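Enquirer: Pasting in a structure now, in structure tokens, and then I'll have a few things to ask.
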There are 2 protein chains.
Amino acid sequence: MTDKTTIAFVGLGSMGLPMAKNLVKAGHSVRGFDMRREAMDALAAAGGERSADLAAACEEASVLILMVVNAAQARNVLIDAGALSALPAGTHVCLMATCPPDEVVALGAEVRTAGKVLVDCPVSGGVVGAKAGTLTIMVGAPKAAFDAVAPILRAMGDKLYHCGPEVGQGAVVKAINQLLCGVHLAAAGEALALGQKAGVDVATLLDIVSGSAASSWMLKDRGPRMLMDEPPVTSAVDIFVKDLGIALSAGRSSGMGLPLAAAAHQMFLAESGSGNGLADDSQVIAAYRRLNGIS
Amino acid sequence: MTDKTTIAFVGLGSMGLPMAKNLVKAGHSVRGFDMRREAMDALAAAGGERSADLAAACEEASVLILMVVNAAQARNVLIDAGALSALPAGTHVCLMATCPPDEVVALGAEVRTAGKVLVDCPVSGGVVGAKAGTLTIMVGAPKAAFDAVAPILRAMGDKLYHCGPEVGQGAVVKAINQLLCGVHLAAAGEALALGQKAGVDVATLLDIVSGSAASSWMLKDRGPRMLMDEPPVTSAVDIFVKDLGIALSAGRSSGMGLPLAAAAHQMFLAESGSGNGLADDSQVIAAYRRLNGIS
């Protein structure tokens, strides 16, 4: 699989399309499928192939990559839409979407029953990392499966980790990554809203905490947008409604109470429920402002 | 006050002693007072002066610096032990301990009534910053008082911020700084304990989240100690019981609910209440382990 591999790629969205293009650049034969025709056109223009339908994309593939929105879409593609039965025996199915670990485990069993191999390999790094081929890829899979797909994955990400030998362990690590991101983001909102309510200069406050032991990646990245009147949208509030939900689901599966993740999730839910689910995720601070009567 | 100033310095502990020494190095006449004789001996050996008693330290001072443990000690020194009445009229009193904002405001009024000027100026940066003279100093005081003591403060810290014109606003910023530190520390414990319970390789997990958008200063600094069996103590669990308590007190004074700070505080309280208040603060992870039956 280290040379030219035939890869079926399903889900050519803002992350998937640049990832598929990087596979083309690495010399692979990439057969894309997406519900949106213009996404397949864009892949074809970059040297990939447009598939007539999902079965056509899968029939001669050695690897299927799923970069769909969530676990329900992955199940739909594999089971309901027939990708699993169209794939040749022994094919590796790389599930790169962010999904609850228990759903990944369940899909893994169904893929195995069908004579194929699920590789649990979600990513982080966003659209920037997808375009640059610098994604972090967190793999849960037996060592043999990890080794088999590693050369393919390295065309999309430069930080490839084998998190454990079981399907679902990549999803757990991704869920924990998002737990930290979401809690840090809500904490930044809590801190800056308190500064505002207490009447201190919030720009000075942000400057101080960004340069001290109080700092986080999220505080430095999202903090300035929390202080803007109309911040640009880089990632939506609803993404953290979903991802902290997945973190809590990972906790439930493991029998683990997560008080901070639960509290942070409520603030994103409240912001989404106030009609701002598509706003920039920095606007979780607006939930704190409403909660505490800060105008 | 830019040249040689006579400074009374009360509280020569692990932070106060190196701060007082930096004032001596900057050319000031520093009269130290501490309940422990060996602390005064150490200051005298560095070129400062040992005071016979608190009144003697205060009588000819232009500035009094308080680097005591908490607001109760500050009140005790100023009011009960008589420092305020011993100081010359118009003296600046620099309160550098971490205190609840409302107690700083109350002390400010009493200092003003006594004809002196309280400068609210807590610090962050720890013993390392105290020794190197690189503390962050957060000042809440009228501009004239800030300007008057700034040259003195710069001998102890290289990041001097005027947070607002009112006494208590420095304390608010420090409380918010500690809110973020405490929440990030508890979040790191929550994340790594979940990884442990879910059976992933926690060293790999820590490596991944330390290098992604999930990262925080606290995660990178305390994370490795969370995975040690017997970590060295750099700062105790009880410090965050106190400091998150101050953050919650700042929220109460401002009429602001702080769900993440409250949840994090409970985890530090639980760890302290289990007999581990003097353990390294990274051991907040042990509260998560007990809570969730992780051995």
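Values in this text are rule-based calculations from the coordinates and carry no lab data. Keep in mind that this is a model prediction, so the values were computed, not measured. As a convention, Cβ positions derive from the backbone with ideal geometry for all residues, glycine included, and neighbour counts pool all protein chains shown.
Enquirer: Counting only DSSP beta bridges with both residues in segment B:66-153, what percent are antiparallel, rounded to the nearest 5?
Expert: Bridges in segment B:66-153 that DSSP calls antiparallel: roughly 40 percent.
Enquirer: Could you state the angle between the C-alpha long axis of helix B:16-25 and the longest principal axis of the C-alpha atoms of chain B, as a value from 0 to 90 degrees rounded to the nearest 10?
Expert: Value to nearest ten degrees: 50.
Enquirer: Here's another thing I want to ask about it. Gap in Å between the Cα centre of segment B:228-261 and the Cα centre of segment A:266-295?
Expert: Each part reduced to its Cα centre gives a spacing of 24 Å.
Enquirer: Taking just the alpha-carbon atoms of segment B:101-231, what radius of gyration and Dmax come out, in angstrom?
Expert: Reported Rg and Dmax, both Å: 19.5, 63.
Enquirer: Shielding of B:215-228 by partners, i.e. mean partner chain Cβ atoms within 10 Å per residue?
Expert: Per-residue shielding by partner chains comes out at 3.
Enquirer: Which ³J(HN,Hα) values, rounded to whole Hz and listed in residue order, are derived for segment B:37-47 from phi using the Karplus coefficients 6.51, -1.76 and 1.60 in 6.51 cos²θ - 1.76 cosθ + 1.60 with θ = phi - 60°, glycine and proline given as x?
Expert: The phi angles translate into 4, 5, 5, 5, 4, 5, 5, 4, 5, 8, x Hz.
Enquirer: Then there is this: Could you give the Stokes-Einstein D for chain A in µm² per second, using the C-alpha Kirkwood radius, 4 °C, 1.567 mPa s?
Expert: For the chosen part, D equals 65 µm²/s.
Enquirer: Of A:Met96, A:Met256, how do they rank once you tally other Cβ atoms within 10 Å and put the fewest first?
Expert: Ranked by crowding around the Cβ, least crowded first: A:Met256, A:Met96.
Enquirer: In whole angstrom, note down how far apart the Cα centers of segment B:166-211 and segment A:1-44 are.
Expert: Segment B:166-211 and segment A:1-44 have Cα centres separated by 38 Å.
Enquirer: Taking the axis about which chain B rotates onto chain A, which residue of B lies nearest it as judged by Cβ position, and how many whole Å separate them?
Expert: Taking the axis that maps B onto A, the answer comes out as B:Ser216, 2.
Enquirer: Shifting gears a bit: In nm, to one decimal, how far is the B:Ser274 label point from the B:Asp53 one, both placed 7 Å along Cα→Cβ?
Expert: Roughly 4.8 nm, to one decimal.
Enquirer: Take every DSSP beta bridge whose two residues both sit in the protein assembly as shown, then give the antiparallel share in percent to the nearest 5.
Expert: Just about 15 percent of them are antiparallel.
Enquirer: Along Cα-to-Cβ, 7 Å out, sits the label point; list in nm, shortest first, how far the one on A:Arg290 is from those in the other copies.
Expert: 3.8
Enquirer: Let me ask something else about it. Within segment A:6-166, what percent of beta bridges assigned by DSSP are antiparallel, to the nearest 5?
Expert: Beta bridges within segment A:6-166, antiparallel portion: roughly 10 percent.
Enquirer: Rounded to the nearest 0.05, what FRET efficiency do B:Arg36 and A:Arg289 give with R0 = 60 Å and r taken as the Cβ-Cβ distance? Could you check?
Expert: 0.80
Enquirer: Do the sum for chain B: with -39,500 (n - 2.57) for every DSSP H run of n ≥ 4, divided by all residues, what is the mean residue ellipticity at 222 nm, to the nearest 500 deg cm²/dmol?
Expert: Computed ellipticity for chain B at 222 nm equals -15500 deg cm²/dmol.
Enquirer: Taking chain A as a Gaussian network, Cα atoms linked when under 10 Å apart, which of A:Ala83, A:Ala42, A:Ala250 shows the biggest mean-square fluctuation?
Expert: Highest fluctuation of the listed residues: A:Ala42.
Enquirer: Moving on to the next point. Ranking A:Asp243, B:Asp229, B:Asp280, A:Asp53 by Cβ neighbours within 10 Å, fewest first, what do you get?
Expert: Going from sparsest to densest Cβ surroundings: B:Asp229, A:Asp53, B:Asp280, A:Asp243.
Enquirer: Could I ask something else about it? Write down the Kirkwood hydrodynamic radius of the protein assembly as shown, to one decimal in angstroms, obtained as one divided by the mean of 1/r over all alpha carbon pairs.
Expert: 26.0
Enquirer: Continuing with the same structure: Pairing the Cα long axis of helix A:169-198 with the longest principal axis of chain A, what angle in degrees results, from 0 to 90 and rounded to the nearest 10?
Expert: 20
Enquirer: Please give the average number of partner chain Cβ atoms lying within 10 Å of the Cβ of each residue in A:260-267, rounded to a whole number.
Expert: Mean inter-chain Cβ contacts per residue within 10 Å come to 5.
Enquirer: OK, next. Calculate, for A:Gln266 and A:Val69, the FRET efficiency according to 1/(1 + (r/R0)^6) with r their C-beta to C-beta distance and R0 25 Å; round to the nearest 0.05.
Expert: Here the calculated transfer efficiency is 0.60.
Enquirer: What is the order of B:Ile137, B:Ile294, fewest Cβ neighbours within 10 Å to most?
Expert: Ordered from fewest to most neighbouring Cβ atoms within 10 Å, B:Ile137, B:Ile294 come out as B:Ile294, B:Ile137.
Enquirer: Would you compute the Debye intensity of segment B:6-167 from its alpha-carbon atoms alone, equal scatterers and no solvent, and pass along log10 I(q)/I(0) at q = 0.13, 0.15 Å⁻¹ to two decimals?
Expert: For segment B:6-167, the Cα-only Debye profile gives -0.51, -0.70.
Enquirer: Find the percent of Cα-Cα distances in segment B:31-109 that exceed 20 Å, and round it to a whole number.
Expert: That fraction is 31 percent.
Enquirer: Here is a follow-up. Hey, which of these cross-link pairs are over 31 Å Cα-Cα: A:Lys4/A:Lys220; B:Lys143/B:Lys220; B:Lys220/B:Lys242?
Expert: Table pairs above 31 Å Cα-Cα are A:Lys4/A:Lys220; B:Lys143/B:Lys220.
Enquirer: Along Cα-to-Cβ, 7 Å out, sits the label point; list in nm, shortest first, how far the one on A:Glu59 is from those in the other copies.
Expert: 10.3
Enquirer: Still on this structure, I have one more. May I ask you to report, in nm to one decimal and beginning with the shortest, the distances from B:Ile239 to the same position in the other copies, taking label points 7 Å along Cα-to-Cβ?
Expert: 3.5
Enquirer: Could you run the Karplus curve 6.51 cos²θ - 1.76 cosθ + 1.60 with θ = phi - 60° over segment A:243-259 and give me ³J(HN,Hα) per residue in whole Hz, x for Gly and Pro?
Expert: So the J values, rounded to whole Hz, are 6, 5, x, 5, 4, 5, 5, 4, x, 4, 4, 8, x, 9, x, 10, x.
Enquirer: When Rg is the radius of gyration of the Cα atoms in segment A:173-291 and Rh is its Kirkwood radius, what does Rg/Rh come to?
Expert: Rg/Rh: 0.97.
Enquirer: Let me check against my output: what whole-number percent is the relative contact order of chain B, with C-alpha pairs under 8 Å and at least 6 apart?
Expert: 14
Enquirer: Angle check, please: helix B:101-113 long axis (alpha carbons) against the longest principal axis of chain B (alpha carbons), in degrees 0 to 90, nearest 10.
Expert: That helix lies at roughly 0 degrees to the long axis.
Enquirer: If the cut-off is 19 Å between C-alpha atoms, which lysines fall inside it for A:Lys197, apart from same-chain ones fewer than 8 positions away?
Expert: Filter leaves B:Lys174.
Enquirer: Taking H placed 1.01 Å from N in the peptide plane, check which residues at least 5 places from A:Leu160 or on another chain put their amide H under 5 Å from its amide H.
Expert: The list, which skips near neighbours in sequence, is A:Ile137.
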